[in-house]
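The values are calculated or read from the model by the stated rules, or taken from the named source; none is laboratory data. For clarity, every value in this text was computed on a predicted model and none was experimentally measured. Neighbour counts are summed over all protein chains in view; Cβ atoms, including those assigned to glycine, are modelled from backbone coordinates with ideal geometry.
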Amino acid sequence: MKLNWFKKGVIYQIYPRSFKDSSGDGIGDLNGITSKLDYHKSLYVDIIWISPIFKSPNKDNGYDVSDYSEIMPEFGTMSDFDRLLDKAHQYDMKIVLDLVPNHTSDQHQWFENSRASLDNDYRDYYIWKKPKPDGSPPNNWKSFFGGPAWTYDELTGEYYLHLFTKYQPDLNWENPKVRAAMYDVMRFWLDKGVDGFRMDVVTLLSKHPYYNDIEEGTGFKEIIDCYFANGPKIHDYLHEMNTQVMSNYDAFSMGEGVGVSQHNAHLYVGEDRKELDMVYHFDILENNIVNGKYEEIANFNLLTIKSIFRNWQQVFDNGGWIANALGNHDFARLVSRFGNDKEYHKASAKMLITMLATQNGTLNIYQGDELGMTNIYLKHIDEVNDIQSRNFYFENLETKKFSPEVALQMINNEGRDNARTPMQWDDSSNAGFTDSEPWLKINPNYSEINVEQQIKDTDSILSYYKHILKLKREYEIFSYGKFEEFKKNDKNVYVYKKYTENNYILLFLSFHKHEIDVEFDFDNYDCLTLLLNNYQDVLKTSTGILLKPYQSLIFTNN
Ligand code: GLC
């Protein structure tokens, strides 16, 4: 297995709006990030992925780009960016930008030209279709964020496609000019020295040509897999992108793998394919989503998580590579979803990173998870910023599927604002994030959960993250190696060994809020070294080991 820098490296995702405000307008910015690079360095981060920083009207907080070669004024200037890049490189850290190639903002010049007439040079940059004879949209597709995926434009009497909001028209990748324009955007940033791209919903670039109606009753996952993602030309486009752009730079691509499974992942990331360097899969992040976000949430089940990780091992047999994450800006906080954000906050946050950091693949950490930041409780829809949550709420007021109280509760449980509340730096007012009114409510628990406090405390979640990330750098076996699993059917503990020819690590992870007696036949317990423990002690028994609530242990044979 060839381990190059982006396979070994730890990625830290920054949501710039919420990371650190240096200008005093309540919105995080580039200089704020630059001022915290020491922090990343001290955390043993290798690569920083910054969510979109391009000019945008912010209908979807930067995922609606109106100019790919300009910096969002709220975030600063191009010189601020150059300084950030420079300093990161001086610190030996890489910067990865979030490219949004599937759609632009409706305020992008391309779209403004495109919508202006039926026969302009930009008309084919987007996907326009005639109405059905009764004036209704070309098909019954719904957007990811609620409502129809088509919007009628009076001026030219046609509908345009938007798989997300109506402010995010989908680009027409069939058009070679669109592809060339996007490749130019990529070269512009790579020539500046950026080290790669996270590619937003990149699996949606190729559209299924028939635009046929979705059958009534089709589940959300199936809709994505069969109608939206993995279109017939996707691999041609990615191969072209790789050969024309990426392969000319020492940079990597991480595709957001909507609709990617262990069955098709190797088509995207197989080394011989020359498409993407890794995909970011959603099996874990969406494991409890039964039928579309908010609609129906299944209870946490460790057996599901174990089987997902197990199945993903197969991809490596085909020479592929994946990115692992338990949290990002689109999901609720990981400790609130997978752990226990109350009495076992500390132990469970530490245990979860132990699991994630020892799975094969590139580890992605989302800002604030290293502190165990938790979900927030928003009392009223007016406090909710996220367009996906707001659309859900207001659509629901019309359909009356759930009561407004239940809808708000669902947003509190699952909504994206949970992950977007500002970073908690210290216990001063506004958590040290800004000097003025923050753009989004700060989680009131910042007086207990914040960077300053956790730096001082050697037993904090942050200190534990530093420790495990340092170990991950030292022990390549954390990032790759063969996998042997024990107690596969145990719903409360996850026990596995990772090994190479001479070395191994052995892990015990408890997902239980009570002590649990694990029978395990250590044939050489006395020869093992305890590498990491999220409690002070280890309770070895005559038949195995007694795990405390959410305890995690890593042993090694050397
Ligand atoms: C991706 C982004 C998400 C965004 C969407 C549309 O899923 O992660 O934040 O809203 O794409 O660009």
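Some points to look at:
- Ala419 meets the conditions (1) assigned to a helix (DSSP H, G or I); (2) under 25 Å from Met254 (Cα atoms); (3) out of contact with any His (no Cβ under 7 Å at 6 or more places or on another chain) in every case but one. The failed one is (3).
- Unmet criterion (only one of (1) over 16 Å from the mean Cα position of the chain (by Cα); (2) among the aromatic types (Phe, Trp, Tyr); (3) within 27 Å of Lys470 (Cβ to Cβ)) for Phe338: (1)
- Applying the condition of being in a loop (DSSP other than H, G, I, E, B) and closer than 21 Å to Val269 by Cα to the stretch 326-367 and asking which residue is farthest from the ligand (Cβ to nearest atom) yields Thr358.
- The lone exception for Arg123 - which of (1) over 30 Å from Lys221 (Cα atoms); (2) free of Cβ contacts under 8 Å to residues at least 24 places away in the same chain; (3) surrounded by 21 or more Cβ atoms within 10 Å (Cβ to Cβ) it fails: (3)
- Cβ pairs under 6 Å, 6+ apart, first in the stretch 470-499 and among the acidic types (Asp, Glu), second at pLDDT 95 or above and crowded, with 16+ Cβ neighbours inside 10 Å: Glu484/Lys497; Glu485/Tyr496
- Checking Asp134, Asp124, Asp119 one by one, the residue that is outside any loop (DSSP other than H, G, I, E, B), away from the ligand (no atom under 16 Å from the Cβ) and of a type outside the set (A, V, I, L, M, F, W, C) is Asp124 and no other.
- Reported count of residues in the stretch 194-253, each being assigned to a loop (DSSP other than H, G, I, E, B), out of contact with any His (no Cβ under 6 Å at 6 or more places or on another chain) and either small (Gly, Ala, Ser) or under 17 Å from His281 (Cα atoms) (or both), is 9.
- Taking the criterion of being of a type in the set (Val, Ile, Thr), under 30 Å from Gln454 (Cβ atoms) and touching a residue at least 60 places away in the same chain (Cβ under 8 Å), the residues of the stretch 373-422 that qualify are Thr374, Ile376, Ile411, Thr421.
- For the stretch 351-372, the criterion of being hydrophobic (A, V, I, L, M, F, W, C) and surrounded by fewer than 20 Cβ atoms within 10 Å (Cβ to Cβ) is met by no residue.
- When each of Tyr464, Tyr494 is tested for being in contact with a Leu (Cβ under 9 Å, 6 or more places away or on another chain) and either over 28 Å from Asp417 (Cα atoms) or surrounded by fewer than 21 Cβ atoms within 10 Å (Cβ to Cβ) (or both), the lone residue that passes is Tyr494.
- Summed over the stretch 382-416, the residues that are surrounded by 17 or more Cβ atoms within 10 Å (Cβ to Cβ), hydrophobic (A, V, I, L, M, F, W, C), more than 15 Å from the ligand (Cβ to nearest atom) and in a helix (DSSP H, G or I) give a count of 4.
- Test: residue in the stretch 318-339 that is surrounded by fewer than 18 Cβ atoms within 10 Å (Cβ to Cβ) and more than 28 Å from Ser253 (Cα to Cα): no
Conditions tested, residue by residue: (1) closer than 22 Å to Ala323 by Cβ; (2) within 14 Å of the ligand (Cβ to nearest atom); (3) modelled with pLDDT of 95 or more.
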residue: Glu174; (1), (2), (3): no, no, yes
residue: Met182; (1), (2), (3): yes, no, yes
residue: Phe197; (1), (2), (3): yes, yes, yes
residue: Asp200; (1), (2), (3): yes, yes, yes
residue: Lys207; (1), (2), (3): no, no, yes
residue: Ile223; (1), (2), (3): no, no, no
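- Qualifying residue in the stretch 458-468 (condition: closer than 30 Å to Ser552 by Cα and over 25 Å from the mean Cα position of the chain (by Cα)): yes
- For the stretch 254-294, filtered to residues that are aliphatic (A, V, I, L, M) and in a strand (DSSP E or B), the residue that is farthest from Lys8 (Cα to Cα) is Ile289.
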